[in-house]
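What follows is one structure encoded as structure tokens, with my remarks underneath.
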Amino acid sequence: MSRPHRFAAAIATALLAACAAPAERHAATPAAVADLANVPACPLDASPMDGWSDRAPPRKIFGNTYYVGTCGIAAVLVVGDAGAILIDGATEQAPAAILANIRALGFDPRQVKRLLNTHEHMDHAGGLAGLQRETGAPLLARGPAIATLRRGSSDREDPQLGELTGFPPVGDVRALADGEVVRLGTLALASHATPGHAPGGTSWTWRACEGTRCVDIAYVDSHSALTDDAYRFSDHPDYVAAFQRSLDVVEALPCDLLITPHPVASDLLARFKGDSPLIDAAACRRFAAGARSNLDKRLGEERKGTAP
């Protein structure tokens, strides 16, 4: 084999190993199996405001990636050869459900070595302090979210400040650079700065494999253009420009399989059921287009004075 061919083969082998790393998984304990039998299926007709703390049945999404969250809020476990990474903690009441789901899948919560977050609101960050106590894992977050996560409350930089409630402060929060790749053994999760819904909004992408089939998974942050009664996007052109750039980022993400912090935003539970394709390479582009239309509508309402 020529040197270029040997080099290409080595790269291909390394990439395959990185996305197909063995997970340290054991049979769930009898207690965990019995507990799981009592978890009802999530209603598919629920609104985005329902089921935030209600335990969802855990399941494999694809390859080394698992859904361990609630019916209304996603929490995603990615498992590799050196431990696991958990993204999002749902509400303050949710850690018990998330930890039970991790155990029901045959993993030990102490395998979680990194905590990540999509954005710094109580419905996605509220459970992080509790999960940190149980796992001992540090939380990595982008700069705009760090003070909020450490304090347990937002400030006026957040468009939704007046509508938000506090959550337990997270003790060990470490800075994550924009675009940083979080590595743990063979795991490599790329961060993407996507502010808009919240200043610290962050989306995540990684590669997952089943045998020789590999897909790009995109866990895309919320992008609904919501505000409290005091905030107008039109008064913050720099923030609007950052929001619009975020949607450009989402549109261009490597994205075969879309996950969103509110599963209803990407019909995730229905896709689990097989009502529509789980894997869809156009999903991120459609999601970005819908969010862009929503933002444009909001800006138009503000100009007309009809914004809610």
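The values are calculated or read from the model by the stated rules, or taken from the named source; none is laboratory data. Since the model is a prediction, treat every value here as computed from it, not as a measurement. Heads up, the Cβs are rebuilt from the backbone with ideal geometry, glycines too, and the neighbour counts pull from every protein chain shown. Calculation scope for accessible area: heavy atoms of the full protein, side chains included, ligands and nucleic acids excluded. Shrake-Rupley method; radii C 1.70, N 1.55, O 1.52, S 1.80 Å.
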**OP:** Could you tell me which of GLN132, THR212, VAL68 has its Cα farthest along the dipole of the chain towards the positive end, charges placed at Cβ (Lys, Arg +1; Asp, Glu -1), taken about the Cα centre?
**Re:** THR212
Original post:
Leaving out ligands, DNA and RNA but keeping every protein chain, what accessible area does ASP267 have, in Å² rounded to the nearest 10, with a 1.4 Å probe?
Top reply: 90 Å²
Original post:
Quick one: Cα centre-to-centre distance for the stretch 181-256 and the stretch 287-304, in angstrom?
Top reply: 18 Å
**OP:** Based on the mean of other Cβ atoms within 10 Å per residue, sort peptides 83-92, 135-144 so the most packed one is first.
**Re:** 83-92, 135-144
**OP:** Counting only heavy atoms of the protein chains, get the accessible area per residue of the chain (1.4 Å probe) and round it to a whole Å² value.
**Re:** 44 Å²
**OP:** Using a 1.4 Å probe and counting only protein heavy atoms, arrange LYS304, LYS60 so the residue with the most accessible area comes first.
**Re:** LYS304, LYS60
Original post:
Considering the chain as a Gaussian network with a 10 Å cut-off on Cα pairs, which listed residue, THR227, THR148, THR212, attains the greatest mean-square fluctuation?
Top reply: THR212
**OP:** Determine the gain in length on full extension of the stretch ARG286-ALA37; use 0.36 nm per residue of separation and subtract their C-alpha separation, reporting nm with one decimal.
**Re:** 86.0 nm
Subject >> Most mobile listed residue (ASN38, ASN64, ASN294) in the chain, GNM with C-alpha springs under 10 Å >> reply: ASN38
Original post:
At a 1.4 Å probe radius, carbon and sulfur cover how many percent of the accessible area of the chain?
Top reply: 54 percent
**OP:** Just flag the trypsin sites (Lys or Arg not before Pro) in the stretch 172-214 sitting in loop per DSSP whose Cβ has no more than 15 other Cβ atoms within 10 Å.
**Re:** none
Original post:
What number, in percent, do you get for the relative contact order of the stretch 129-285 if the mean sequence gap of Cα pairs under 8 Å and at least 6 apart is divided by its residue count?
Top reply: 18 percent
Original post:
Label-point separation (nm) for ARG213 and ARG303, each offset 7 Å from Cα along Cα-to-Cβ?
Top reply: 4.6 nm
